[in-house]
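Only one structure is covered here, and it is reproduced in the block below.
The values are calculated or read from the model by the stated rules, or taken from the named source; none is laboratory data. Fair warning: this is a prediction, and the values are worked out from it, not measured in the lab. Cβ placement follows ideal geometry from the backbone for every residue including glycine, while neighbour counts extend to all protein chains displayed. SASA here: full protein model, heavy atoms, side chains in, ligands and nucleic acids out. Shrake-Rupley method; radii C 1.70, N 1.55, O 1.52, S 1.80 Å.
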Amino acid sequence: MDHTAQEEPVSYPQLLTPEEKLADAKKLLSLPRIVAICGSTRFMTEMNEADLRETKAGKIVVKPGCDMKSPHELWSDPVEAEALKARLDDLHRAKIRLADEVLVVGDYIGDSTRAEIAYARSLGKPVRCTHPEVDPDA
């Protein structure tokens, strides 16, 4: 037996990150681009219009589903409303993680939306604004 031959180094496949696995799964499922709509819920009408336009353009749209600025029995109790707001913020961050891009709606960006934009950019998600002049990083 000849021991002078170099042994081939064993190469191990690089483990995929959850983000890479999600991107691969989207490709394998032939999913259209997913856009997360962000913005103050004062712009719910504009968000619905953006949803129509993005959907017409062939994209899957995720956006805020509750407008807590409008009265509703589900958040009439202040203690429950506070807990719900925290859950909705977490849910919206999950929508941003799921999305391929973010569309910020409205001509005003408050603290929550500013934090969502920073979060999206920290994940490498492209961010578009219906009113680019309000983009905090433009």
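Remarks
- Residue within segment 4-18 that is out of contact with any His (no Cβ under 8 Å at 6 or more places or on another chain), open to solvent by less than 40 Å² (accessible area, probe 1.4 Å) and either in a helix (DSSP H, G or I) or at pLDDT 95 or above (or both) present: no
- Pair list, Cβ < 6 Å and 6+ apart or interchain, from segment 29-57 residues that are at negative phi to residues that are modelled with pLDDT under 95 and open to solvent by 100 Å² or more (accessible area, probe 1.4 Å): 41/69
- Within segment 19-58, restricting attention to residues that are in contact with an Asp or Glu (Cβ under 9 Å, 6 or more places away or on another chain), under 17 Å from residue 98 (Cα atoms) and assigned to a helix (DSSP H, G or I), the residue that is most open to solvent (accessible area, probe 1.4 Å) is 23.
- Contact map, segment 83-104: residues that are within 24 Å of residue 126 (Cβ to Cβ) paired with residues that are in a helix (DSSP H, G or I) and among the small types (Gly, Ala, Ser), Cβ distance under 7 Å, separation 6+ or inter-chain. Pairs shown: 96/120; 102/120; 103/50.
- The set of residues in segment 59-86 that are over 19 Å from residue 110 (Cβ atoms), within 17 Å of the chain's Cα centre (by Cα) and loosely packed, with under 13 Cβ neighbours inside 10 Å is empty.
- Screening segment 37-61 for residues that are in contact with a strand residue (DSSP E or B) (Cβ under 6 Å, 6 or more places away or on another chain) and of a type outside the set (A, V, I, L, M, F, W, C) and picking the one that is farthest from residue 127 (Cα to Cα) gives 55.
- Scoring residue 106 on the criteria (1) of a type outside the set (Lys, Arg); (2) at pLDDT 95 or above; (3) open to solvent by less than 50 Å² (accessible area, probe 1.4 Å); (4) closer than 30 Å to residue 18 by Cβ leaves a single failure, condition (4).
- Residue 61 touching a Cys at 6+ places or on another chain (Cβ under 8 Å) and under 11 Å from residue 37 (Cα atoms): no
- Pairs, first acidic (Asp, Glu) in segment 110-138, second not in a loop (DSSP other than H, G, I, E, B), C-beta under 6 Å, six or more apart: 116/38; 135/129
- Of the residues making up segment 109-136, just one is closer than 20 Å to residue 18 by Cα, out of contact with any helix residue (DSSP H, G or I) (no Cβ under 8 Å at 6 or more places or on another chain) and among the basic types (Lys, Arg), namely 121.
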